[in-house]
1. Out of all the residues in region 1-55, which are touching a Ser or Thr at 6+ places or on another chain (Cβ under 9 Å) and under 17 Å from Gln86 (Cα atoms)?
2. Filter region 76-110 for residues that are of a type in the set (A, V, I, L, M, F, W, C) and in contact (Cβ under 8 Å) with a residue 40 or more places away in the chain and give the result.
3. Say whether the condition of being under 19 Å from Glu98 (Cβ atoms), among the acidic types (Asp, Glu) and surrounded by fewer than 16 Cβ atoms within 10 Å (Cβ to Cβ) is met by at least one residue in region 21-32.
4. Determine whether region 33-46 contains at least one residue that is surrounded by fewer than 21 Cβ atoms within 10 Å (Cβ to Cβ), among the aliphatic types (A, V, I, L, M) and in contact with a Gly (Cβ under 9 Å, 6 or more places away or on another chain).
5. Quick check on region 79-99: of everything there that is in contact with a helix residue (DSSP H, G or I) (Cβ under 7 Å, 6 or more places away or on another chain) and at pLDDT 95 or above, which residue is farthest from Ile18 (Cα to Cα)?
6. For residues that are farther than 19 Å from Val30 by Cβ and part of a helix (DSSP H, G or I), tally how many sit in region 58-97.
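The values are calculated or read from the model by the stated rules, or taken from the named source; none is laboratory data. Not measured: the values here are computed from a predicted model. Note that each Cβ is placed from the backbone with ideal geometry, even for glycine, and that neighbours are counted across all protein chains shown.
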Amino acid sequence: MSAPAFPYRGPPEWLPAIDAALRRVVDPEVAMNIVDVGLVVDVCLHEGTLHVQVTMTSAACPVADVVVADVRHELDHALPDGPRVQVELVWQPAWTPERMSASARRFMGW
């Protein structure tokens, strides 16, 4: 697997499952997965807990709770015998369109 689209510190063998799980989570406002939109800020395994930080494109995002719950659900299923999953909504660094993948920017016409 090539370099992840988000900062990742954990067992290399878990990365494909984590990446695939996060790509199954869709931001309903833009109908794209949260990895391509650039909403995944950090993923880190620390003391038996997989800490995942996500952001939203706007602090007024009405679906933030849905996205956070979907991240937790997908990771719990992707790593069923793995770590406890903790998902945190963060606002720093602020989201900008530069966080998006090239394909997402093309899709949005940017």
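1. If the condition is that a residue be touching a Ser or Thr at 6+ places or on another chain (Cβ under 9 Å) and under 17 Å from Gln86 (Cα atoms), then Leu39, Val40, Val41 are the ones that fit.
2. If we filter region 76-110 for residues that are of a type in the set (A, V, I, L, M, F, W, C), which is where we start, we get 78-79, 85, 87, 89-91, 94-95, 100, 102, 104, 107-108, 110.
Result: Ala78, Leu79, Val90, Trp95, Met100, Ala104, Phe107, Met108.
3. yes
4. There is at least one residue in region 33-46 that is surrounded by fewer than 21 Cβ atoms within 10 Å (Cβ to Cβ), among the aliphatic types (A, V, I, L, M) and in contact with a Gly (Cβ under 9 Å, 6 or more places away or on another chain).
5. Leu89
6. Qualifying residue count, region 58-97: 6.
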